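Each value in this text was obtained by applying a stated rule to the coordinates, not by laboratory testing. Since the model is a prediction, treat every value here as computed from it, not as a measurement. Using ideal geometry, Cβ is built from the backbone for each residue, glycine included, and neighbour counts are taken over all protein chains shown.
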């Protein structure tokens, strides 16, 4: 009975064994969690579908293509030579965890010794030596490069006076973040500008019924984009609660693929790092992404006079195959209008 | 140290033992006046006289019976059976009389008898002049079986065999007679193997021509092969083999003889039984279960020579 790398999400091509939760030689039952598998989107628990004695084939850290062998569930006896069995017993090593090199796949004495003495000597430390990519990092690399190579994107920028939003925040307990206001504003505007919420395809524009806003979340050495579904229909307080929970789960690598799927637009916010403005890379097949900078007091001209106001710079990157300059400008203007007059998205 | 030819080493042993001990006699077909069909024993009759070195009729059972009778009445006979294949004719005297006498006589009399016999294939002698019939006698308690590989060993072991108070079968491989080697010690103990090449990857146990083929093979394979020359097939020096296997964890036994019932089976069985937890692998390389072919090309292909040994090692160890 073979256990192969499962397809845990639609886009999954390969997975990385983060951790085996059962050891080789252990008897497992259907439903027992065998391993944690990192897909291109999340780290998932993988359960046994039948019972048997586990024989691990793919080691922890190994990246394996979907459908390839990762373990066996069988009668349980590991093939090993008598001397290998004795040595493993004397050294307290689990035979099943040892990579066999015998001509019939049996564990030999030198296999046990190699396992006990550790992996082959690592190459000398070298600053230029490659650090292996995680599955998530590989996915990010492929998708970003593909986007830059194939999407004719262009950027538009607006300055938004956040005075009203900040005033509104002060009036409520546990106030939503600036980003929650931005998400809501985008969602409301996206409903009015369906091409920005759509996707370009060779055979035509895809226009989505749902407005699902992805929020870029920096995790340890990676980037995840959990999705707030139907953001246009949700209250800012609801969006705040959802984004907080999703961001927490993403940082703890506990997020599930369904929380990462079906975004129709993305908001990326680097304001918390003090970044004034930046441009973001469109996550295909989405049509646009909004890069949000920090809210900063700036001197602006108001009614012909200089004044100080909390300003936010938002930069929209749009796919010119589906969103043209005027479309993007109208959308961005709408977002600015909503954030400068937040009461319009509360009603 | 001077080199000596295998056949001369045998003759020297006979010559020196005949000279050392008046009770030693030597006889067989064509051994005295013609000097032996393999030119081993020429001149011994001239040196030691017709009463102690003499030719016999072609009657192996009578010869073996005479040897047994001589042995239990105070002499130390050395009998030559020209080809090992002919030992079938002498079977009763050796197996039922000589080998049992010490036990049946309640340990009152032993049988200090040596049977020398030329064995082995590769000489284009056909199916009934080429066998190595060690297996015929291997399971007979009371018989010792010596199978030397070098002139020095042959001389020392033959002297030990003659001085031993029990019946000893002394096998000489035809293809060794013309080989040369250094002189050895005066005697060698029966039942002591010799590690002729040290190695770490495989213990190769063999005897006679097999030792030379194994050495040749060891020089051509990647694996570091330890070669044990058994010198005596019975009693078996199991301790030397076990010590080697404890180091290499692999055992190959090479025997010129049929797979079924061969002495190599016993070696494998003993090591498996007593040292299984030292083994990564253990196997044999023998001839097939068939008569030895007369056709030269078939005979060569039939034998477990150096190339076959190397191929077996390479195939088995990766």
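General remarks:
- The order of A:312, A:166, B:18, going from fewest to most other C-beta atoms within 10 Å of their C-beta, is A:166, B:18, A:312.
- With the simple spin-label model, which puts each label point 7 Å out from Cα in the Cβ direction, the residue A:248 to residue B:39 separation comes to 10.1 nm.
- Averaged over residues, the count of other Cβ atoms within 10 Å places the peptides A:279-290, A:248-259, B:69-80 in the sequence A:279-290, B:69-80, A:248-259, highest first.
- Candidates B:19, B:90, B:214: whichever shows maximal mean-square fluctuation once chain B is modelled as a Gaussian network with Cα springs under 10 Å: B:19
- For segment A:184-261 versus segment B:50-101, the gap between their alpha-carbon centres in whole angstrom: 102
- Normalised contact order of chain B, rounded percent, pairs of Cα under 8 Å and 6 or more residues apart: 16
- A simple spin-label model places the labels of residue B:105 and residue A:159 12.6 nm from each other, with each point 7 Å out along Cα-to-Cβ.
- FRET efficiency estimate (nearest 0.05) - Cβ-Cβ, residue A:173 to residue A:302, R0 30 angstrom: 0.45
- Label-point separation in nm, residue A:276 to residue A:141, each point 7 Å along Cα→Cβ: 3.4
- DSSP beta bridges in the protein assembly as shown [antiparallel fraction, %, rounded to 5]: 60
- Computed [θ] at 222 nm, deg cm²/dmol, chain A (DSSP H ≥ 4; -39,500 (n - 2.57); rounded to nearest 500): -8000 deg cm²/dmol
- The mean count of C-beta atoms from other chains within 10 Å of the C-beta of residues in B:272-278, rounded to a whole number, is 3.
- Between A:213, A:299, A:107, the residue with the greatest mean-square fluctuation in the GNM of chain A (Cα pairs under 10 Å linked by springs) is A:299.
- For segment A:152-346, the Kirkwood radius over C-alpha pairs fed into Stokes-Einstein at 4 °C and 1.567 mPa s yields D = 77 µm² per second.
- Counting every C-alpha pair in chain B, the share spaced more than 35 angstrom apart comes to 18%.
- If you plug the beta carbon distance of residue A:241 and residue A:66 into 1/(1 + (r/R0)^6) with R0 = 51 Å, you get a FRET efficiency near 0.90.
- Potential extension, residue B:283-residue B:311 segment - 0.36 nm per residue separation minus Cα distance: 8.8 nm
- Linear extension gain, residue B:182 paired with residue B:73, 0.36 nm per residue minus alpha-carbon span: 35.6 nm
- For A:81-91, mean number of other protein chain Cβ atoms within 10 Å: 4
- For the peptides A:177-188, B:92-103, A:198-209, the ranking by packing is A:177-188, B:92-103, A:198-209, with the highest mean count of neighbouring Cβ atoms within 10 Å listed first.
- Helical contribution to [θ] at 222 nm, DSSP H n ≥ 4, -39,500 (n - 2.57), averaged over chain B, rounded to 500: -9500 deg cm²/dmol
- Fraction of the pair-distance distribution of the protein assembly as shown above 31 Å, Cα-Cα pairs, percent: 68
- Take the Cβ atoms of residue A:210 and residue A:2, set R0 to 41 Å, and the FRET efficiency comes out at 0.60.
- Peptide-level mean, for A:99-106, of C-beta atoms on other protein chains within 10 Å: 2
- Using a Gaussian network model of chain A in which every pair of alpha carbons under 10 angstrom is joined by a spring, one finds that among A:216, A:48, A:231 the greatest mean-square fluctuation is at A:48.
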